[in-house]
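Encoded as structure tokens, the structure appears first; notes follow it.
The values are calculated or read from the model by the stated rules, or taken from the named source; none is laboratory data. Here the structure is a predicted model, which means the values were calculated and not measured. Backbone-built Cβ (ideal geometry, glycine too); neighbour counts: all protein chains shown. Remember, those area values only see protein heavy atoms, side chains included, never the ligands or the DNA or RNA. Shrake-Rupley method; radii C 1.70, N 1.55, O 1.52, S 1.80 Å.
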Amino acid sequence: MKEIFGECHAHIIMDGVNYKEAISIHKDSINDMVIREHLKAYQKLGITFVRDGGDALGVSRRARDLAAEYGIDYRTPVFAIHKNGHYGAIVGKGFDDMKEYYDLVKTAKKQGADFIKIMTTGLLDFNNHGQVTGTPLEQKAVLEMVHIAHEEGMAVMSHTNGIYGVQTAVEAGVDSVEHGNYIDEETIKMLADSDTVWVPTLVTIRNLWGCGRYEVETLKPIIELAQKNLQLAWRYKVKVALGSDAGAYMVPHGTGLLDEYQAFVDILGESDQVCCWLRAGEKKIQDTFRRPES
């Protein structure tokens, strides 16, 4: 990896092996030793920027406190925000109505969040190709959530998959779309015409190849569609940044970013143009996802 990029999507509370056990380590009290080991993994590779996706226990906030010791500019939403009954409890706090959502935005801001992270859809449904688990949030709700966060001066990171979900998030004006699986050319054109940065986290699926958890026949079409969509994103000059979802299963902290960069190289080739494209996306993330001035 000639270029050293920042990690634009990580979860320091997770370990890439067993998320339940990793989270349990911090359940009674935050374990600084574990956080420091993950930070050392980034430091060892010269990675000096990390944007976390948040957690429910305050681990990413503590990581930000410690990160300066390792020369790392660490950003976090503190916790992600999801609608109760929908995906997201694993990384944050839930709401039932917009008043509760607004209260959570204010709480995150009070706790020093650098930005707001929202969850608008579920995950890939590995049993049904092209489908996303759960029910996506309605367009009206996403529009209001983004509006509230922006009114508070906070950028919005959005966990979103599927055509409907991503198009809704882009129309709402989210500042970044995370994952964005199962989208199409029309959606990619919408991304290109927007100010939204796409962080595709390719290795959350690619690193599962050969691990035994899923059959090749299950993973192959997901990987092929993601490859096609990245090629389209390059063609239409979508704003894209590297983020591996470090901490997810089979995606270690530090080296997960190297894997993500290699995935881009495998799909697009290694060139100065691709590096400049990724560098521009990372800079937009760094410039946008920062704590508003008091």
Practice task
Determine, yes or no, whether G256 is buried (at least 23 other Cβ atoms within 10 Å of the Cβ), in contact (Cβ under 8 Å) with a residue 60 or more places away in the chain and on the phi > 0 side of the Ramachandran plot.
Solution key: no
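Within segment 259-285, restricting attention to residues that are more than 14 Å from the chain's Cα centre (by Cα) and closer than 27 Å to K106 by Cα, which residue is surrounded by the most Cβ atoms within 10 Å (Cβ to Cβ)? Don't jump to the end; show me each part of the working.
Keep residues of segment 259-285 that are more than 14 Å from the chain's Cα centre (by Cα), which gives 259, 261-280, 283-284.
If we keep only those that are closer than 27 Å to K106 by Cα as well, we get 283-284.
Details: K283: 15, K284: 19.
Among those residues, the one meeting the criterion is K284.
Can you tell me which residue is farthest from K140 (Cα to Cα) among those in segment 72-97 that are open to solvent by 40 Å² or more (accessible area, probe 1.4 Å) and in a helix (DSSP H, G or I)?
Of everything passing the filter in segment 72-97, I90 is farthest from K140 (Cα to Cα).
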Fill in the blank from the handout: Reported set for segment 255-280 where residues are β-branched (V, I, T) and either at pLDDT below 95 or out of contact with any Phe, Trp or Tyr (no Cβ under 7 Å at 6 or more places or on another chain) (or both) is T255, V265, I267
Completion exercise
Flagged in segment 205-240 as outside any helix (DSSP H, G or I) and within 21 Å of N127 (Cβ to Cβ), in numbering order, are N207, L208, W209, G210, C211, G212, R213, Y214, E215
Fill in the blank from the handout: Residue count, segment 121-156, condition more than 23 Å from R206 (Cα to Cα) and of a type in the set (S, T, Y), comes to 1
Completion exercise
Taking segment 1-46 and keeping residues closer than 15 Å to R61 by Cβ and part of a loop (DSSP other than H, G, I, E, B) leaves H11, I12, I13, H26, S29, I30, N31
Completion exercise
When E69 is run through (1) within 15 Å of H11 (Cβ to Cβ); (2) outside any loop (DSSP other than H, G, I, E, B); (3) touching a helix residue (DSSP H, G or I) at 6+ places or on another chain (Cβ under 9 Å), the failure sits at (1)
Problem - Total residues in segment 226-253, condition at positive phi and open to solvent by less than 50 Å² (accessible area, probe 1.4 Å) - result: 2
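Condition check ((1) among the polar types (S, T, N, Q); (2) within 28 Å of E21 (Cα to Cα)) across all residues:
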position: I183; (1), (2): no, no
position: A192; (1), (2): no, no
position: P200; (1), (2): no, yes
position: N207; (1), (2): yes, yes
position: G212; (1), (2): no, yes
position: L230; (1), (2): no, no
position: V238; (1), (2): no, no
position: L242; (1), (2): no, yes
position: A246; (1), (2): no, yes
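Condition test on A113, is it under 17 Å from the mean Cα position of the chain (by Cα), open to solvent by 50 Å² or more (accessible area, probe 1.4 Å) and among the aliphatic types (A, V, I, L, M)? Before you say what the answer is, go through the steps one by one.
Details: under 17 Å from the mean Cα position of the chain (by Cα): yes; open to solvent by 50 Å² or more (accessible area, probe 1.4 Å): no; among the aliphatic types (A, V, I, L, M): yes.
The answer is no for A113.
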